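The values are calculated or read from the model by the stated rules, or taken from the named source; none is laboratory data. Predicted model, so just to flag it, every value in this text is computed and none were measured. As a convention, Cβ positions derive from the backbone with ideal geometry for all residues, glycine included, and neighbour counts pool all protein chains shown.
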Amino acid sequence: MLRIVSIVVGALLLVSPPMGPAAAQGRGISLIRDAEIENTIRAYATPIFSAADLDADAVRIHLVSDGAINAFVAGGQQLFIHTGLLTRADRPSQVVGVIAHEAGHITGGHLARLQDELRNATAKSIAAFVLAAAAGVASGNADVAQAVIVGGQQVAVQGLLRYSRGQESAADAAALSLLDRTGQSASGLLEFFDMLNREEAITVGRRSAYTGTHPLTSSRRSTVANHLALSRYANVPDQPDLVRQHERMVAKLIGFLWPFDKVLERYPETDNSLPGRYARSIARFRRGELDPALELIDSLIQERPSDPYFLELKGQMLFENGRIADALAPYEEAVRLAPNEPLLQIDLARIQIEGNSQELLVTAKANLEQALRTEPENATGWFNLAIANGRLSEIGQMALAQAEHAAIIGDRAAAKAHAERAERELPLGSPGWLRAQDLQQQLGRKR
């Protein structure tokens with residue numbers, strides 16, 4: 001089930017958007033959670049991460065609901081990819097090239113070093129302010145002070161921009177090396193820069209390489225083109241399985257995110273391909289046309305009865321149209337076919353909770369507990385586990401789940417209150433009781 005959530009993040013950006021790296025600090029962004037799309041990106045990224053000597057499971061991948069062509073890394077090995085990049089990419093290697101660039105940022109420690117450079121820039125600005133005050137007093141002229149401040153700020157900003165451009169060039173070089181190490185062509189990265197050039201021509205016109213945080217895209221393109229001319233992997237095609245996954249991912253994103261008429265422009269009624277029917281099924285579901293949507297998804301399930309994501313979509317359609325009992329079977333089958341997908345387990349549990357029978361509540365609790373072992377920071381999972389425990393009259397476990405949920409969403413007061421209640425209700429020394437104590441200690445340290 002494609003779901004959108006909001007977070008706040010500080011970032012190191014791949015391309016030069018209206019906000020620079022410093023301005024990204026504290027900006028709220030909307031993220032998409034979807035098991036199929038996340039697995040597709042993971043299939044792209046894992047060989048690159050492995051070649052970069054990164055633990056692929058430790059790098060968290062996030063999908064940003066934003067039409068811009070962009071990607072960035074944030075602290076703690078977190079990779080963010082905009083949906084605009086994914087829907088505009090014609091083939092997997094274009095996305096793989098971007099992932100390789102971001103892996104270069106991670107292995108180079110660029111985000112941590114950027115924070116140091118920001119602190120240096122701030123120190124230079126403060127020094128300029130002190131000098132300006134002294135100059136103003138000595139001359140008795142406020143204009144002198146203003147000139148010193150402006151000059152000091154320009155020095156700080158120019159130093160920061162030079163540093164940022166150097167990081168981007170280093171990440172590009174790392175990307176080319178990683179693509180060669182994985183036996184993949186850099187032609188996708190070249191096509192990405194072509195795409196970026198066209199986008200810049202439309203949106204911002206010509207940029208100055210001196211004032212931008214990144215080297216000119218044309219310069220970056222030349223670097224990749226020169227590399228391709230010498231690379232033994234220049235003509236390696238995209239893997240067919242990845243191409244199929246890419247086509248499905250793009251169709252799914254377009255079906256969920258684009259206006260209905262734009263979906264039909266991209267995938268007209270005459271398009272009987274799997275991606276075409278997938279996109280139109282989602283678009284008609286979003287439009288409230290349940291029967292045509294079900295007819296399309298049923299045709300896909302008939303062709304691929306073992307595909308968990310088609311079954312998941314059918315379950316979502318039925319559930320969101322109030323047909324809870326009908327939604328249960330396709331979701332159960334989806335989880336049976338993909339037993340290690342926590343997002344599917346959480347969505348199945350939601351339906352089981354709505355069924356509100358004792359048997360379904362017990363199963364929902366088990367599904368949620370298994371999913372949360374894999375995704376311990378999933379707020380939706382803890383919220384639904386609190387409901388299941390409450391309806392099962394397990395008050396201590398309910399309070400503990402409420403505490404976990406509140407802690408994740410940043411409600412410290414509620415998290416503390418629920419953790420204290422869990423500690424009172426749960427048996428002394430039990431795992432839940434110990435976790436309630438741990439939560440209180442963590443909340444105290446954060447204060």
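Descriptive notes on the structure:
- Within region 328-347, the set of residues being crowded, with 18+ Cβ neighbours inside 10 Å and outside any helix (DSSP H, G or I) comprises Ala338, Glu341.
- For Glu394, the stated conditions do not hold, so it cannot be described as at pLDDT 95 or above, among the charged types (D, E, K, R) and within 27 Å of Glu312 (Cα to Cα).
- Residue match in region 438-445 (condition: charged (D, E, K, R), farther than 28 Å from Arg60 by Cα and either in contact with a Phe, Trp or Tyr (Cβ under 8 Å, 6 or more places away or on another chain) or assigned to a helix (DSSP H, G or I) (or both)): no
- Within region 205-249, considering residues that are surrounded by fewer than 13 Cβ atoms within 10 Å (Cβ to Cβ) and modelled with pLDDT of 90 or more, the one nearest to Thr40 (Cα to Cα): Asp241
- Just so you know, in region 365-414 the residues that are touching an Asp or Glu at 6+ places or on another chain (Cβ under 7 Å) and more than 15 Å from Ala349 (Cα to Cα) include one that is surrounded by the most Cβ atoms within 10 Å (Cβ to Cβ), and it is Ala399.
- Flag for Gly276 being within 27 Å of Gln94 (Cα to Cα), surrounded by 14 or more Cβ atoms within 10 Å (Cβ to Cβ) and touching a residue at least 12 places away in the same chain (Cβ under 8 Å): yes
- Odd one out for Leu86 among (1) closer than 23 Å to Gln167 by Cβ; (2) at pLDDT 95 or above; (3) out of contact with any Pro (no Cβ under 9 Å at 6 or more places or on another chain): (1)
- Residues (more than 22 Å from Arg421 (Cα to Cα) and either part of a helix (DSSP H, G or I) or in contact with a His (Cβ under 6 Å, 6 or more places away or on another chain) (or both)) located in region 366-392: Ala366, Asn367, Gln370, Ala371, Arg373, Thr374
- Candidate set: region 45-82, residues that are in a strand (DSSP E or B) and aromatic (Phe, Trp, Tyr); chosen: the one modelled with the lowest pLDDT: Phe72
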